[in-house]
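Chemist: The following block contains the structure, expressed as structure tokens.
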Amino acid sequence: MDLDQTAVNLSVIIICEKDQWGFLFDAIATVEDCLEFVDEVLIVTSRFISPDDEEVLTYFKGQGYIICRFNDDFSQANILNLSIKKAQGKYIFPLLAKNKINSDYISDAIKIFYKNHQIGIIYGDIELFGENNKIQVLPDFSVVQLLRQNFINLSSLFRKKVWEDCGGFDVNIPTQTESEWKFWLNAVENNWDFFHLPQVLLYQRIILDQVVNTIHNEKPIQKYPLVSVCIPTFNGDRFIAEAISSILSQTYPTLEIIISDDGSTDQTTAIVKTFQDKTSIDISLFYHKPLGLAKNCNFALSQAQGKYIKFLFQDDLLYPNCITEMVQLAEQDQEIGLVFSPREICFVDEVAETDLDLISIYQEFQNIHQAWSSLKPIQRGEELLTDPHLFKHPINKIGEPSTVLIRREVFEKIGGFDPQLNQLVDLDLWLRIMGNYKIGFVNQVLSYFRLHTQQKTYQNISENISTDLKFYHKVYSNPAYHFFPLSVRDRALCIYTINLNHFYLYFSDVSSGTFLENLRLLRREVAEYWLKLSLEEFHPNPSIDFQIVYRILLRNKSLRAESLTESEQIFVQTLINTIANSSANVKIAGKILALMLYPNSTQFSFPSHLVFGSNELDKEIIERMKSGDFHLS
């Protein structure tokens, strides 16, 4: 190797924050193991340190180290820029004082730089220590992946020329992680190549009680509650490695990963196993017979031990600061049951970018959080449930499971995902949480929702058949939604009726049998609604939404032409007999309204002195009694 012995080749910049002085000697010891290649060491620290620390700096200065002092209010990006500017080396290696470097890696990296002048950045794997010693394996470089997450640690080797071409680290970006990310992206734009050397470069010390939250410059969280990241998988070998890598790149220190595999037949579980022995984060893999998505999610929940649950679907990704941001907010108020944030929608590949259905999803479901009338960092869920746009498009204004963090005790109170639902399974859970807890909102993008043709959302749209009927019927009829006022539940019933009626009338395939059966059940429910009303309840107008439901059923000629089932015949005959034998007209008005929903070939006569109101629905009922199967005597 033709090294220039007269020039400074490698400058190591050791950043020593106040809480890391106890580790400085360890870091320097590993640097001195590779002095054959390290020509310059800069120790960067605060201007304001203790007398004992001043003595340490004096000692290192006497050993030939360069000392750089900065005010405490300087950002790390600013400190890096000033230090790199002062450094004389062709290559730069930043190092936090709490960490160590692998001397063998340094020598290999320098050789690679000399052999290929287009390579600007060389990065390697990370071995975590402090609690245990496991390796965090970083993926091989991919521009697509870098666009989605910052998987390259700052402690990488890069040419000073890269720093010059990129204009340094951006000091206007509020977080160091994002500043680093932009730096790497700028390197890509300046046509510098990245090289992943698949061996340990950095030994990263885990100090659970000393991790400082640098995102908001607020007081640090002193205790880090365990977060269980639950990944329900099924034939996800195309995406699962990137999903796991985005978890391993989290700035939050206390995590466990629960992977619940729904009987995959591809390499999903094999890929997961390659991560298990190479990271300090516990990864539990459960392989079981197919359960379906909702039950698979619930199984993962049953295995979680954390105070918080963070879902991540196999084809989605998390920003590095995602969990830190969400836990930071959740810990501010113990009544918060769910925290969510915006997500970025992106296409998996060029094929997806040209699919019209995926383009439609992209256009319609971006920035769904903006559909709320009023959204605050912390607010009671009931406030969101009274939003006039609650059931307007987009119906799911929270987002997919990958966008939320949930307090685990929530599931103990209200249950998990409902496997009886076909669609909007996540929204059903979000609404039930809103009805019982406060909701937190972090107003920054913290995850990626990736579009491709294998996901369920795409398949539902492609089939062109709504599968959310059960959801709306549940909102109307299930006691779990007791917190909704009757007007909201009637609105859900109205949406259910409109959709159900549409599919019954316009789809003649096998599914229409199910639509007819559901229409029969709905008709019976509405009929029984009228039967239960007392005189006092009868005269006030029913809600507009319930009137619409009644009119739809009343005007559906196709439904009225269907032969009655045996149970319906018994029900109708009972109503007729009750009306015929009753002289108290105020007690039979509801029965007449119920009976009018059914075909009646007998020209049955009703008393002409029945009492009705003057609203439009009542007028329509009287006119129909005059002209339809029934007549007034």
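Bear in mind these aren't lab numbers, they're just calculated from the coordinates by the rules spelled out. Only a predicted model underlies this, so the values are computations on that prediction, with no experimental measurement involved. Here the Cβ positions follow ideal geometry from the backbone for every residue, glycine too, while neighbour counts run over all protein chains shown.
Chemist: What does the convex hull of the Cα atoms of the stretch 39-100 come to per residue, in Å³, rounded to a whole number?
Modeler: Per residue, the Cα convex hull of the stretch 39-100 comes to 99 Å³.
Chemist: Also, quick follow-up: For E409 and R69, compute 0.36 nm times the residue count separating them, minus their Cα-Cα distance, and round to one decimal in nm.
Modeler: Between E409 and R69, full extension yields an extra 117.6 nm.
Chemist: Sticking with this structure for a sec: In the stretch 1-116, how does Rg compare with the Kirkwood Rh, expressed as the Rg/Rh ratio over alpha carbon atoms?
Modeler: Reported Rg/Rh (Cα atoms, Kirkwood Rh): 0.97.
Chemist: Using a basic spin-label model with each label point 7 Å from the Cα along Cα→Cβ, how many nm lie between K85 and H393?
Modeler: If labels sit at K85 and H393, their model points lie 5.3 nm apart.
Chemist: For the pair T265 and T514, how long in nm is the line joining their label points, each one 7 Å along Cα→Cβ?
Modeler: A separation of 2.3 nm, rounded to one decimal place.
Chemist: Pop the C-beta distance of Y59 and D33 into the FRET formula with R0 = 22 Å and round what comes out to the nearest 0.05.
Modeler: E(calc), rounded to 0.05, equals 0.70.
Chemist: Using r as the Cβ-Cβ distance of K532 and Q332, and R0 as 41 Å, what FRET efficiency do you calculate, to the nearest 0.05?
Modeler: That gives a FRET efficiency of 0.35.
Chemist: Which links in K111/K161; K18/K85; K310/K438; K160/K182; K376/K438; K115/K161 stretch past 19 Å when you go from one Cα to the other?
Modeler: In this structure, K18/K85 lie more than 19 Å apart at Cα.
Chemist: With a cut-off of at most 12 other beta carbons within 10 Å, and DSSP calling the residue loop, which trypsin sites (Lys or Arg not before Pro) in the stretch 30-107 qualify? Please list them.
Modeler: Filter output for the stretch 30-107: R47.
Chemist: So, by mean Cβ neighbours within 10 angstrom, what's the order for 280-290, 472-482 with the highest one leading?
Modeler: So the order, starting with the most tightly packed, is 472-482, 280-290.
Chemist: Please give, to one decimal in nm, the separation of the simple spin-label points placed at F25 and V445, each 7 Å out from Cα toward the Cβ.
Modeler: Between F25 and V445, the simple spin-label model gives 4.8 nm.
Chemist: A further question follows. If R0 is 25 Å, what FRET efficiency do you get for Q303 and N436 from their C-beta distance, rounded to 0.05?
Modeler: Efficiency, from the Cβ-Cβ distance: 0.60.
Chemist: Could you pull out the pairs from K474/K591; K397/K470; K278/K413; K98/K273 whose alpha carbons sit more than 28 Å apart here?
Modeler: From K474/K591; K397/K470; K278/K413; K98/K273, over 28 Å: K278/K413; K98/K273.
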